[in-house]
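Notes follow once the structure below has been shown.
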Amino acid sequence: MEKKKEVAIGNLKVLTGFRTADLNTVPRLFWNRVEEWGDRTAFREKVYGIWRDISWREYGDKAKSVALGLRSLGLGKGDRVAIISKNKPEWLYSDMGTLVAGGITVGIYPTDSPKQVEYVMNHCGAIFYIAEDEEQLDKILGVRKELPQLKKIIVIDPKGLRHFSDTMAMTFKELLEIGKNLDNQEPNLFDKIIQVPRPEDLAIIIYTSGTTGPPKGAMISHQNMLSVVDSWLELNPGSPTDEALTFLPLCHILERLFSGIVPMMTGCICNFAEEMDTVPQDIREVSPTIFIAVPRIWEKFYSTLVLKMKDSTPLEKLAFKWAMSVGRKVSLYRLELHKKPSNYLKILFKLADWTVLKNIRKFIGLDRAKYCLSGAAPISPDLLRFYQCLGIDIREAYGQTESTGAVTCHYIGDTKFGTVGKPLPRNRIEIAEDGEILIGGPQLFMGYYNDPQLTCETIINGWLYTGDVGRIDEDGHLIITDRKKDIIITAGGKNITPSEIENQLKFSPYINDAIVIGDRKKYLTALIMIDDENVMKYAQENRIPFTTYASLTKAPEIIKLIQKEVDEVNKKFAQVESIKKFQLIDVKLTEDDDEITPTMKLKRRLISRKFKDLIDEMYKS
Amino acid sequence: MVLLRVSNIESYYGPIMAIRGVSLGVQEGTIVTILGGNGAGKTTILKTISGVIEPEKGTIELMGERIDRMMPHKIVRLGIAHVPEGREIFYDLTVRENLMMGAFLRKDRKGIQADLHMAFELFPVLKNRASQLAGNMSGGEQQMLAIARAIMARPKLLLMDEPSLGLAPLLVKSIFGVIKRINQDNKTTILIVEQNALMALLVAQYGYVLEMGRIVLENTSEELMQNEDVKEFYLGIKGESARGTKRWRRKKKWR
C-alpha cells in the first residue's frame with residue numbers, strides 16, 4: 001500500500017504543473033488526469049464529521065455519468081446547464097459532466113432569490129437546472145412557468161422529497177443511472193464526445209453581479225481558463241502534496257479556477273469546507289498549503305487575533321510584540337530593501353518563530369501554508385504587512401471575471417505592498433490616457449452573453465477596458481486607484497479615491513466594512529458596518545447595555561468607539577479626505593442579502609440607495 | 001417604572017458561557033416574556049436573577065437596588081419568587097404544607113391566610129387536595145401548586161420558567177389564564193420564559209427573543225407576532241411553496 005502511494009506521487013512529479021499541447025480543452029485535460037491519477041485523492045468532503053476521500057477515478061466516473069446522462073436527456077453542444085448549490089463534489093461532477101458533454105455551465109449563487117434565479121435562467125436559456133436540495137428546487141418551481149426552455153430539474157439531495165413527484169424533476173442519482181445505461185449501450189460514445197469541444201469554444205458563463213443594472217453573463221472559453229492557470233502556475237508552482245480548502249462560491253471565477261482547474265494541473269487536493277461558518281475550524285483541521293481568500297476573511301482573522309492578544313497575559317503580550325517586531329524587520333529586509341537579513345537577525349527570527357509566530361500560525365491553521373493569496377477585492381497593505389510579519393507569505397492578485405481571474409500578482413519574493421504586483425506571463429497591461437487600466441492577452445473573455453453592444457464597449461481593439469483606474473510604478477508594479485465609477489469628486493472639485501480610505505477603516509477590528517460617500521458633496525461621510533462580534537465583546541467588557549444588534553449600533557459609547565477609530569484613520573489622510581460624519585448601519589447584513597457581494601463586500605450603490613435616509617442625515621446643515 | 005433592570009450579565013455553567021451579555025428591563029405591573037429554543041439560555045437568566053447562579057459580569061437591579069451576587073433567600077425577601085422549570089415541589093409534604101413553605105419568610109398571619117384563600121380560589125383543585133401528599137398529584141396539578149406556592153410569598157416579581165412544559169393543551173390554556181389573573185388582580189409583575197411562544201405572546205405585553213445566549217430581538221408582543229422570523233421559527237407559520245409543503249427553513253435574520 002505504502003509503496004503504491006510513493007510510485008503514484010513519483011509519477012506525478014513529472015506531470016504536475018504542466019500539460020502537453022494536446023490537452024487543450026478542460027475535458028481532455030480532465031480525462032487525462034482521471035486516467036493517470038486513478039486512485040489518488042481528488043477531494044475530501046466531510047460526511048457526518050469525518051473527512052472522506054474521493055479519488056480521481058470516482059470524480060471521473062461521476063462526471064462521465066453526468067455527461068452521458070445529460071446527453072440522453074437531450075443536451076446538445078452549446079446547451080446551457082445551470083448549477084445552484086453550495087460548494088460540494090456534486091458541483092464539480094456536474095460542471096465537468098456538462099463540459100465533457102459539450103454543454104456550457106452556468107453557476108448560480110445559492111443565496112440568490114427566486115427572482116434572480118429566474119433572471120439568470122431566462123437570460124442564459126438553460127435547459128437543465130441542477131439544484132442542491134429542496135430549497136433550491138422550490139425556487140425554480142415557483143418561476144418555471146416563465147422558463148419555456150427548461151427541460152429537466154435535477155436535485156442533488158432529495159431529502160424531504162419522498163412524496164414529491166413531478167415529470168420535470170429527477171434526482172442526481174437517477175441522472176447517474178441514465179448515464180451508466182447509455183454507457184453500457186454505447187461504450188464508445190464517451191470517448192467520442194469528449195473530443196468534441198474545441199479550445200476556443202465557450203465553456204462557462206459567469207454572471208457578475210452588476211452594481212448597476214441586472215447581472216451580466218461573462219463568457220469564458222476553455223482556452224481562457226487553461227491559459228490563466230498555466231501562467232499562474234509558472235509563477236506559483238504547485239505540487240501534488242498541496243492541500244486547499246474550498247469555501248468561496250464556485251460560481252465565482254476565483255474559486256472555479258482554484259478548485260476546478262488548478263487541481264487538474266498540480267494534483268492539489270480540494271477539501272470542501274462544511275459551511276461558511278465552519279471555515280475557521282476547517283482551516284485548522286485541513287491546514288492547507290495554499291490558502292486563497294477574500295479580504296473579508298483576512299480582516300476577520302486579524303481582528304480575532306488582535307482581540308485575543310488583548311485578553312492575554314502581560315508576558316504573552318510582550319512576547320507577541322517582540323516577535324512581531326522581529327518578523328517586521330525580516331520582512332522589511334526581504335521584501336522592501338531586497339537584502340538578506342543578517343545572521344543575527346536570522347537567528348532572532350528563528351527564536352521568535354519557534355516561540356511565538358509558529359503558534360499563531362497554527363492557531364489560524366496556516367502553519368503549513370506555502371503561500372496565501374488575497375484577491376477579488378482590494379485589501380489594506382497594512383494587513384498584508386501584518387501577515388508577512390507573522391511569517392505567512394501572503395500575496396495579492398488582481399483581475400476580474402472579464403480577464404478570467406488574475407492578470408497581475410506579486411511574484412515570489414517580490415511582494416510590494418500597496419501594489420497588486422506585475423502582469424502574469426503573456427498578459428499586457430496599459431494605462432489609458434484617463435488612467436483606466438487596459439488588459440490584453442490570452443485571458444480576455446469572449447464577451448457578454450447575448451449582449452454584443454456591451455461587449456463592444458468593453459473590448460476595444462483587443463484591449464479589455466477594466467473600469468479600474470490605476471498606474472504602473474517605477475518597478476513595473478500595478479497600483480490600483482479605484483473603480484472609475486467610484487471615484488468621488490467633491491463639491492470643491494477634489495478627486496478622492498474612496499477605497500483607500502475604506503480599507504483603512506476596515507483595518508479596525510471594530511469595523512467590518514465601510515462605504516465612503518461624498519460625490520458632489522461638500523465633505524466626506526461614511527456608512528459603517530460594525531464587526532458585531534468584536535463590538536459586542538467591547539460592549540460587554542465596558543458594561544454598555546444593549547439588547548439587539550440595532551440597539552448596539554445606537555449606543556452612544558459605541559458611536560464614540562467608532563468615532564475614535566475614524567479619527568485615527570482621518571489622521572492618515574489630507575484634510576479634504578477626512579470623514580466628517582458617519583452613521584452605523586443598523587441592520588446586520590449577511591451573505592444572503594442583496595447588499596453584499598458573494599465575495600462579502602458591501603455593494604456601494606445598493607447600500608447608498610437603501611440607506612439614503614442615513615446619508616441625507618449626515619448632509620443636513 | 002422599571003421594576004427589574006438587567007445589564008450585561010454573563011453567566012457560566014462551568015466553562016460554558018450560557019448567557020453572553022444580556023440586558024433587559026421589566027416595567028412594573030407588566031408581563032414580559034423571553035422566548036428562545038432549547039439551550040438559548042432562558043433558564044440561566046431566571047436563575048441568575050433569583051441568585052441561584054452568580055453572574056460573572058453585569059448587574060441586576062430591583063427597583064434601583066443591586067441584587068446581583070446576593071444570596072437567593074435574601075432576594076426572595078426583596079420580593080422575587082421563582083417558579084422553577086419542572087415544578088420542584090416538596091413531594092413528601094402535603095399541598096397545604098407546600099403552600100405554607102412559600103410563605104416561610106412572612107410573619108403576617110392574616111395576610112398569609114388571605115393569600116392561601118386566594119390561592120385556593122385561583123386553583124380550586126388544590127383546595128380539594130389540601131391535605132394530600134403533593135407527590136401524588138398529576139403534572140398539571142403540581143404545576144399549579146408550584147405557581148400557588150410562589151404567590152404565597154406575595155412577590156413583587158414572579159419569575160416563571162416554562163409553566164406550560166409537559167402539560168396538555170387545555171391545561172396550558174387554563175394555566176395561562178391564571179397567570180393573567182395573577183398579574184391583573186394582584187398587580188404582580190411577571191417575567192415568563194417560554195417555548196410555547198404563542199401562549200406567551202398572547203399574555204405578555206413585551207417580549208425578548210434569545211438565541212445562543214444573546215438577545216436578537218425585542219419588541220411589544222403585537223409587533224413580535226408580526227415579525228417574519230418569529231412567525232416562521234416560533235409560531236410555526238410557514239410560507240407557502242410551489243409544492244405546498246415546505247420543510248426547509250430560510251436563515252434567521254432577526255430584523
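The values are calculated or read from the model by the stated rules, or taken from the named source; none is laboratory data. No experiment lies behind these values; they were computed from the predicted model shown. Don't worry about glycine lacking a Cβ; one is built from the backbone with ideal geometry, like all the others, and counts go over all protein chains shown. When the accessible area is computed, the model is the full protein with side chains, heavy atoms only, and any ligands, DNA or RNA have been set aside. Shrake-Rupley method; radii C 1.70, N 1.55, O 1.52, S 1.80 Å.
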Would you check which residues across segment B:1-29 are more than 14 Å from chain A (Cβ to nearest Cβ), open to solvent by 30 Å² or more (accessible area, probe 1.4 Å) and either touching a residue at least 12 places away in the same chain (Cβ under 8 Å) or under 16 Å from the mean Cα position of the chain (by Cα) (or both) and list them? B:M1, B:Y13, B:Q27, B:E28, B:G29
Return the residues of segment B:176-205 that are closer than 21 Å to B:I45 by Cα and acidic (D, E); say none if nothing qualifies. B:E194
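Where in segment B:60-147 are there helices (runs of 4 or more DSSP H), lying fully within it, with 1 or more residues that are touching a residue at least 12 places away in the same chain (Cβ under 8 Å) and under 30 Å from A:I544 (Cα atoms)?
Working: elements: B:72-78, B:95-102, B:109-122, B:124-128.
Where helices (runs of 4 or more DSSP H) fall fully within segment B:60-147 and carry at least 1 residues being touching a residue at least 12 places away in the same chain (Cβ under 8 Å) and under 30 Å from A:I544 (Cα atoms), they are B:72-78.
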Write out, first by first residue and then by second, each pair whose Cβ atoms fall under 6 Å of each other, whose residues are 6+ apart or on separate chains, and whose first residue, in segment B:198-219, is more than 14 Å from chain A (Cβ to nearest Cβ) and under 12 Å from B:Y234 (Cα atoms) while the second is assigned to a loop (DSSP other than H, G, I, E, B) and not small (G, A, S). B:L198/B:L235
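Conditions tested, residue by residue: (1) open to solvent by 30 Å² or more (accessible area, probe 1.4 Å); (2) at pLDDT 95 or above; (3) more than 30 Å from A:Q400 (Cβ to Cβ).
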| site | (1), (2), (3) |
| --- | --- |
| A:P158 | yes, no, yes |
| A:T167 | yes, no, yes |
| A:K173 | yes, yes, yes |
| A:L176 | no, yes, yes |
| A:L182 | no, yes, yes |
Taking interchain pairs and intrachain pairs at least six residues apart, which have beta carbon atoms under 8 angstrom, with the first residue in segment A:572-589 and without any contact (Cβ under 8 Å) to a residue 60 or more places away in the chain and the second in a loop (DSSP other than H, G, I, E, B) and open to solvent by 30 Å² or more (accessible area, probe 1.4 Å)? A:K580/A:Y523; A:K581/A:Y523; A:V587/B:R255; A:K588/B:K253; A:K588/B:W254; A:K588/B:R255
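Could you pull out every one of the helices (runs of 4 or more DSSP H) wholly within segment A:258-328 that has 3 or more residues that are in contact with a helix residue (DSSP H, G or I) (Cβ under 7 Å, 6 or more places away or on another chain) and surrounded by fewer than 22 Cβ atoms within 10 Å (Cβ to Cβ)? Please lay out each step first, then the result.
Values: elements: A:262-266, A:279-286, A:295-310.
Because the criterion is at least 3 residues that are in contact with a helix residue (DSSP H, G or I) (Cβ under 7 Å, 6 or more places away or on another chain) and surrounded by fewer than 22 Cβ atoms within 10 Å (Cβ to Cβ), the helices (runs of 4 or more DSSP H) in segment A:258-328 that meet it are A:295-310.
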What is the residue count in segment A:556-609 for residues that are more than 14 Å from chain B (Cβ to nearest Cβ), within 21 Å of the chain's Cα centre (by Cα) and in a loop (DSSP other than H, G, I, E, B)? 6
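For segment A:329-345, how many residues meet the condition of being open to solvent by less than 90 Å² (accessible area, probe 1.4 Å) and either within 19 Å of A:H410 (Cβ to Cβ) or of a type outside the set (S, T, N, Q) (or both)? Before the answer, list the steps.
Here is the first cut: in segment A:329-345, the ones open to solvent by less than 90 Å² (accessible area, probe 1.4 Å) are A:330-333, A:335-337, A:341-342, A:345.
Restricting the remaining residues to those that are either within 19 Å of A:H410 (Cβ to Cβ) or of a type outside the set (S, T, N, Q) (or both) gives A:330-333, A:335-337, A:341, A:345.
Final tally of qualifying residues: 9.
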Give the number of residues within segment B:150-165 that are farther than 17 Å from B:K187 by Cα and touching a helix residue (DSSP H, G or I) at 6+ places or on another chain (Cβ under 6 Å). 3
Options A:D230, A:D242; residue that is open to solvent by 10 Å² or more (accessible area, probe 1.4 Å), in contact (Cβ under 8 Å) with a residue 24 or more places away in the chain and acidic (D, E): A:D230
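Looking at segment B:30-59 only, could you name the residues that are under 17 Å from the mean Cα position of the chain (by Cα) and within 13 Å of chain A (Cβ to nearest Cβ)? Write out each step before concluding.
Step one: filter segment B:30-59 for residues under 17 Å from the mean Cα position of the chain (by Cα), giving B:30-53.
Once the filter is applied, which keeps residues that are under 17 Å from the mean Cα position of the chain (by Cα) and within 13 Å of chain A (Cβ to nearest Cβ), segment B:30-59 yields B:V32, B:I34, B:I45.
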When you scan segment A:518-555, how many residues do you find that are in contact with a Gly (Cβ under 8 Å, 6 or more places away or on another chain), open to solvent by less than 30 Å² (accessible area, probe 1.4 Å) and more than 10 Å from chain B (Cβ to nearest Cβ)? 2
